[in-house]
Amino acid sequence: MGNLVVAHVMKVMPDLESLGALPMSLGWSLHHDESASSFYLDTFKAGAEQKWPFTSMPPSKDFPLELPPELDVLSRVYKLLVDAQLANPFKRAFLNMSLALSKSLQLHICSFCTDDNGLDFVCISSNGELKKLHCICGDLDISYELGEITIQPLLLDGTEGTEASSLHDPENGIRVLDRNVAPSPSLHSVASAETTRFLQVEIPPLGLGSFDGMDVVPIKIAGSEIASLTPRVPVKKEWWRLW
């Protein structure tokens, strides 16, 4: 996963006490970009050496894989991705983590994970509710907003691509468009577009879209003090539902 960038973006400073309620198996650091008045949460495996922030996927074992019932329409799409062997870039545990964070912090959060090898996943949550999702899974550009899904099959050279027309069900919130759009040639294209829109800025943050990475790392202002590989709340008690 070269050029991996992972972060949770906020426009206001989160409550540090609420961040302390994260499982102790999850380390975190909070960063502030004064020039953009934005805050960035880095999450990673507790105890892991972090040479650079925002460059590792958080551990997923403390988050459910299954999506909540209100997102059944996304679960239908995920099943198609599994059958087409395109499910890996659709990060369900990461989505559930973003939902839990936004519920705990009572904030609008843009969470993303993206690299140069097919991963480009963004979800925007507010107070525990998914507002928007946008990701690329193989040759399918998938977006979710206001309870409805749009699937844009992307043009491919020399191949027919994934058959997604069976999902077309406008009455139940799923539209599959014609295959008439080419993939973006830009690095981190979805994450770059969605974060700039979320922050209302012109330049993507955290080095998104660049093979050179960040010019300046946002200032670290807080972080988890205690690292433990034992979750504070046992997973069997579904701690995320307590938030």
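Where a number appears in this text, it was derived from the coordinates with a stated rule and is not lab data. All figures in this text were calculated on a predicted structure; none of them were measured in a lab. Backbone-built Cβ (ideal geometry, glycine too); neighbour counts: all protein chains shown.
Tell me, what HN-Hα J-couplings in whole Hz come from the Karplus equation 6.51 cos²θ - 1.76 cosθ + 1.60 at θ = phi - 60° for each residue of the range 73-90, using x for Gly and Pro?
4, 6, 5, 4, 5, 4, 4, 4, 5, 4, 4, 8, 6, 10, 7, 4, x, 8
So which GluC sites (Glu not before Pro) in the range 170-229 end up in coil per DSSP with only 12 or fewer other C-beta atoms within 10 Å? Show your work: numbers first, answer last.
Values: sites: Glu171, Glu194, Glu202, Glu225; in loops: Glu202, Glu225.
Of the GluC sites (Glu not before Pro), the ones in loops of the range 170-229 whose Cβ has at most 12 other Cβ atoms within 10 Å are Glu202, Glu225.
Treating the beta-carbon of each Lys and Arg as +1 and of each Asp and Glu as -1, no other charges, what is the dipole magnitude of the range 5-242 about its Cα centre, to the nearest 20 debye? List each step's numbers first, then the result.
Details: 19 positive and 31 negative charges, 178 e Å.
Roughly 860 debye, rounded to the nearest 20.
Please list 3J(HN,Hα) in residue order for the range 117-126, calculated via the Karplus relation 6.51 cos²θ - 1.76 cosθ + 1.60 where θ = phi - 60°; whole Hz, with x for glycine and proline.
10, x, 9, 7, 10, 9, 9, 10, 10, 9
List every residue whose amide H lies under 5 Å from the amide H of Ala222, counting only residues 5 or more places away in sequence or on a different chain, with H placed 1.01 Å from N in the peptide plane.
Residues meeting the criterion, in which the H sits 1.01 Å from N, are Leu30.
Using +1 at the C-beta of Lys and Arg and -1 at the C-beta of Asp and Glu, which of His31, Val122, Gly173 has the Cα lying farthest in the positive direction of the dipole of the chain?
Going by the charge dipole, the pick is His31.
Can you tell me the 0 to 90 degree angle between the C-alpha axis of helix 189-199 and the longest principal axis of the chain, rounded to 10?
50 degrees
For the range 115-164, what is the Kirkwood hydrodynamic radius in Å, using each pair of distinct C-alpha atoms?
12.2 Å
Tell me which GluC sites (Glu not before Pro) from the range 31-125 have a DSSP coil assignment and no more than 13 other beta carbons within 10 Å of their own.
The qualifying sites are Glu34, Glu49, Glu66.
Provide Asp83, Asp212 in ascending order of the number of other Cβ atoms located within 10 Å of each residue's Cβ, fewest first.
Asp212, Asp83
Here is the link list: Lys11/Lys132; Lys11/Lys61; Lys45/Lys132; Lys11/Lys79. Which ones come out longer than 24 Å on Cα distance?
Those over the limit are Lys11/Lys61; Lys45/Lys132; Lys11/Lys79.
Per the helix-only calculation at 222 nm, which mean residue ellipticity applies to the chain, given -39500 (n - 2.57) for every DSSP H run of n ≥ 4 and division by its residues, nearest 500 deg cm²/dmol? Present the calculation step by step, with values, prior to reporting the outcome.
Numbers: 4 runs with 41 residues, N = 243.
The helix-only estimate for the chain comes to -5000 deg cm²/dmol at 222 nm.
Mind listing the phi-derived Karplus ³J(HN,Hα) values for the range 9-16, rounded to whole Hz, using 6.51, -1.76 and 1.60 with θ = phi - 60°, and x for any glycine or proline?
9, 9, 9, 9, 6, x, 6, 5
If Rh is defined by the Kirkwood formula over all Cα pairs and Rg also comes from Cα, what ratio Rg/Rh do you get for the range 36-156?
Dividing the radius of gyration by the Kirkwood radius yields 0.96.
Enter the angle in degrees (range 0 to 90, nearest 10) between the Cα long axis of helix 92-105 and the first principal axis of the Cα atoms of the chain, meaning the one along which they spread out most.
Rounded to the nearest ten degrees, it is 50.
I need Phe54, Phe90, Phe211 ordered by Cβ neighbour count within 10 Å, fewest first.
Going from sparsest to densest Cβ surroundings: Phe211, Phe90, Phe54.
For the peptides 22-28, 11-17, what is the packing order when you average, over each peptide's residues, the other Cβ atoms within 10 Å and list the highest mean first?
Highest to lowest by the protection proxy: 22-28, 11-17.
What residue among Gln152, Gln106, Gln50 shows peak mean-square fluctuation when the chain is described by a Gaussian network model with Cα springs under 10 Å?
Residue with maximal mean-square fluctuation among Gln152, Gln106, Gln50: Gln50.
Hey, of (1) 13.3; (2) 16.9; (3) 12.3, which did the structure itself give for mean projected area of the Cα convex hull in nm² when calculated?
Among (1) 13.3; (2) 16.9; (3) 12.3, the one derived from this structure is (1).
Given the options Ile221, Ile149, Ile124, state which has the largest fluctuation in a GNM of the chain using a 10 Å cut-off (strictly under) for Cα springs.
The residue that fluctuates most here is Ile221.
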